[in-house]
Structures are given as structure tokens and as C-alpha cells.
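The values are calculated or read from the model by the stated rules, or taken from the named source; none is laboratory data. Predicted, not measured: the structure shown is a model, and the values here were computed from it. Methodologically, a virtual Cβ is constructed for each residue, glycine included, from the backbone with ideal geometry; neighbour enumeration extends over all protein chains shown. We work out accessible area using only protein heavy atoms, side chains counted, and drop any ligands, DNA or RNA first. Shrake-Rupley method; radii C 1.70, N 1.55, O 1.52, S 1.80 Å.
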Amino acid sequence: MAESPRHAIGLRVISHSQSAAAQPASADARRIQVVLNPTARSGAAAAVRAEIARALEARGVSWTRVDTSGPGHAVEIARRAALEGAPVVVAVGGDGTVHEVANGLLRARAEREHDTALGIIPCGTGNDFAHMVAGITTREAAYDALVHGRTRQVDAGVVEWDGGAEYFVNAMGTGMDVEVVRQLRKTSRLPGALIYLGAVLRTLRVFRPVPLRMEGDGTVVDRPAYVTAICNGSRIAGGLRICPDSVPDDGALDACFVQELPWHQIPATLLGVLRGTHGRMPWVRMLRAPSFTLAVPAGTHLFFQLDGELRDAGSAHVLRVSTVPGALRVVSAIPVEG
């Protein structure tokens, strides 16, 4: 598929601004809005406040900063900034912070068309979306991208259930990955890969597959599942290539369904996911479609995750998952081809 259009950002301005930990989004359309999650990576993101100030001001960027006060705060900050004309809203944190800022931008788009882009300064555990879509692997690369980068138009996903709806930008899933997220919250600060590996090993001791029916583009898979992931991107959990052929700008979602399997097949499956070769295994189904439904039997409690954020469907037992093509502009460090 042809490369999605990218456009120059042009954020270099003459005036500088001071950070404002509790300041509302600025109506000055020249300023980028920085949204910092001080709890990301066990508080590590909070330590980069001074670095961000030095880096952006050294590059002549006009900016203002708001620190989030709790779950959901970044959604409203980003929504308001987009409606007020900010050129970029920058998520400082991990995939959870990116998830909230993207939801704010997408909700604003549902109210009114806008040109605000999502920027990312990675300070989280996995940083999957930053690596995969924005080509940003370091904070220095992130700062440079805010001045010299391009914006890339990518898809988003949306999950709807009776009583709720929410966007995701990288992946959603149910099954074992929900328990992995729970285990991650019990883990001390370690390098990203070790955190996820430890969470997976603890999950294998306690998780039992759940009956699940997945349907997409006329194909139905109906059996107990270890993992069901529906992806806009190709990697999750700090680099696991759960849907290795997925790309974020093709107007489709990729799904991976790993059915219940004997214990002796689990190590090979995990190794396959690390390598992106698990799709060839007979107990794995890979599907691609613009939309999917996921259903559990009535009476089964349905938990799921969106970009690593845990959600509870309450009394609902069906999730409707679909793509929103070209819904999000992302500041990218990836060079324009050609």
C-alpha cells in the first residue's frame, strides 16, 4: 500500500513559554500542549520535567505543560487543546498516556474537524506506539521530531459495548493479556522486557482460558482462548510481535486468536510471538478485517484491555471492534520516502 501522506509540522517559533503544571490548555495556536503523566514508569516520567523544558526551549518551541492528576485527565486536556487549536498535543509517558491523549484528540474530532497532531515523548515501559508508528526510540529523537519531523495520518480503532465506547490506537485484547496487565501493576521498576516476561510467567500460573467467539469478515473462531488480540499496530508489551503484518494505515485491523493449548506447547508459542512466526502454528488463527465482534457466553464477566488499560464491560458480553481509517495525525521521526 502507498505510504500515508506526511506533512511538515513547522513548529519553530520566536517566543518561548514557561511550563505550567496546573495551567489549562492555551488558546494560543502557536503553542504545543505538553501533557505529562507523573506516575508513568513508576514515577520516572516526572523526573524529566526539567529536561523537557531545556530541550524544547533550546529548539525554540513555544509550549505549555499540564501534569495529569489521575486517570482520564489527559483525555480532557487533549480534547480541549485540540478544540482550541493547538498544533500538537504531546503525550509524555507510556502507552497508557498515549492512549488517553489520542482519545482526547479523537473525541474532539467527533465534535469538530481539527488539525491537531499527537506527539510523543516516550517515558513508559513499553512505548510500543512511539516505536512503531512514530519511529521514536529516544527522547532526543522525540524533541527533534517536534521541530523537524512530519505528521503521519494513521488509523485508530474503536471498541463499543452496551454501556460504553472507547478508542484505541495500538491494540485491544481479552484473555491472558488482561491478566498480564494486572500482573504488570504489581511489578517493580525493571527494564521493559524483563517486566513483561515476569508478568507473563506469573500469568501462566493463574490464568485459565475463557470461552470466546470471534467473528470478522465472515470467519468465525469459537473456542476457549488464551489470547485474543486485535491490533492496529504490529507489536505490544514492549516488542511482542503479536500481529507482525499489521500496519497502522491500511484501513483494517489484524487479529490473533491463540486457542487453549497444552502446557508443553506454551514455550514454543511464546518464542513464536517474540519472533513473529506464531501464525504458522495450528493452534493460532490470524485474521484481517475492518471490524470484528468478540463475544463470551451470557453470565461470563468480560474484561478487556485497550492499549494496556484495563476495562470492564459490566453486564455486556459482546464487544464490537472496528477501524476508523485515517483518524489520527501523529508526529513522526520516520523520513519521507522518495
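For region 280-305, how many residues are of a type in the set (Gly, Ala, Ser), on the phi < 0 side of the Ramachandran plot and surrounded by fewer than 18 Cβ atoms within 10 Å (Cβ to Cβ)?
Taking region 280-305 first, the residues of a type in the set (Gly, Ala, Ser) are 289, 291, 295, 298-299.
Next cut, on the phi < 0 side of the Ramachandran plot only: 289, 291, 295, 298.
If we keep only those that are surrounded by fewer than 18 Cβ atoms within 10 Å (Cβ to Cβ) as well, we get 291, 298.
Looking only at that region, the number is 2.
In region 55-103, how many are buried (at least 19 other Cβ atoms within 10 Å of the Cβ), polar (S, T, N, Q) and assigned to a loop (DSSP other than H, G, I, E, B)?
2
Counting only residues that are in a strand (DSSP E or B) and under 17 Å from the mean Cα position of the chain (by Cα), which one in region 204-252 is farthest from Gln153 (Cα to Cα)? Break it down stepwise before answering.
Going through region 204-252, the residues in a strand (DSSP E or B) turn out to be 210-216, 219-231, 236, 240.
After this cut, where a residue has to be under 17 Å from the mean Cα position of the chain (by Cα) as well, the list is 228-231, 236, 240.
Numbers: Thr228: 26, Ala229: 23, Ile230: 20, Cys231: 17, Ile236: 20, Leu240: 24 Å.
Step by step, filter region 204-252, then rank; the result is Thr228.
I'm checking my understanding of the structure. Among residues of region 127-148 that are small (Gly, Ala, Ser) and open to solvent by less than 10 Å² (accessible area, probe 1.4 Å), which one is farthest from Val318 (Cα to Cα)? Quick ask: steps written out before the conclusion?
Residues of region 127-148 small (Gly, Ala, Ser): 130, 134-135, 141-142, 145.
Subset that is open to solvent by less than 10 Å² (accessible area, probe 1.4 Å): 130, 134, 142, 145.
Values: Ala130: 30, Ala134: 32, Ala142: 38, Ala145: 40 Å.
It comes out as Ala145.
Which numbered condition trips up Arg152, out of (1) among the basic types (Lys, Arg); (2) modelled with pLDDT of 85 or more; (3) surrounded by fewer than 18 Cβ atoms within 10 Å (Cβ to Cβ)?
Tallying (1) among the basic types (Lys, Arg); (2) modelled with pLDDT of 85 or more; (3) surrounded by fewer than 18 Cβ atoms within 10 Å (Cβ to Cβ), Arg152 fails exactly one: (3).
Hey, does region 306-328 have a residue that's among the hydrophobic types (A, V, I, L, M, F, W, C) and open to solvent by 60 Å² or more (accessible area, probe 1.4 Å)? Before the answer, list the steps.
Looking only at region 306-328, we keep the residues that are among the hydrophobic types (A, V, I, L, M, F, W, C), and these are 306, 310, 313, 316, 318-319, 321, 324, 327-328.
Keeping just the survivors that are open to solvent by 60 Å² or more (accessible area, probe 1.4 Å) gives none.
The answer is no, given that none of the residues of region 306-328 is among the hydrophobic types (A, V, I, L, M, F, W, C) and open to solvent by 60 Å² or more (accessible area, probe 1.4 Å).
I'd like the full set of residues that are touching a Ser or Thr at 6+ places or on another chain (Cβ under 8 Å) and not in a loop (DSSP other than H, G, I, E, B), limited to region 104-125.
Selection gives Leu105, Ala108, Ala117, Pro122.
Which is modelled with pLDDT of 95 or more and under 29 Å from Thr293 (Cβ atoms), of Leu106, Leu83? Show your work before the answer.
Details: Leu83 fails: under 29 Å from Thr293 (Cβ atoms).
Going through Leu106, Leu83 in turn, the sole match is Leu106.
Within region 271-338, which strands (runs of 3 or more DSSP E) (wholly inside it) include 2 or more residues that are within 18 Å of the chain's Cα centre (by Cα)? Break it down stepwise before answering.
Numbers: elements: 284-289, 291-295, 303-306, 309-312, 318-332.
It comes to 303-306, 309-312, 318-332.
Would you pick out the residues in region 104-123 that are in contact with a Pro (Cβ under 9 Å, 6 or more places away or on another chain) and crowded, with 24+ Cβ neighbours inside 10 Å?
Pass one, region 104-123, residues in contact with a Pro (Cβ under 9 Å, 6 or more places away or on another chain): 115-117.
Listed by number, the residues that qualify are Thr116, Ala117.
Within region 42-67, which residues are of a type in the set (S, T, N, Q) and either at pLDDT below 90 or closer than 15 Å to Tyr143 by Cβ (or both)?
Applying the first criterion (of a type in the set (S, T, N, Q)) to region 42-67 yields 42, 62, 64.
Within region 42-67, Ser42, Ser62 meet the criteria.
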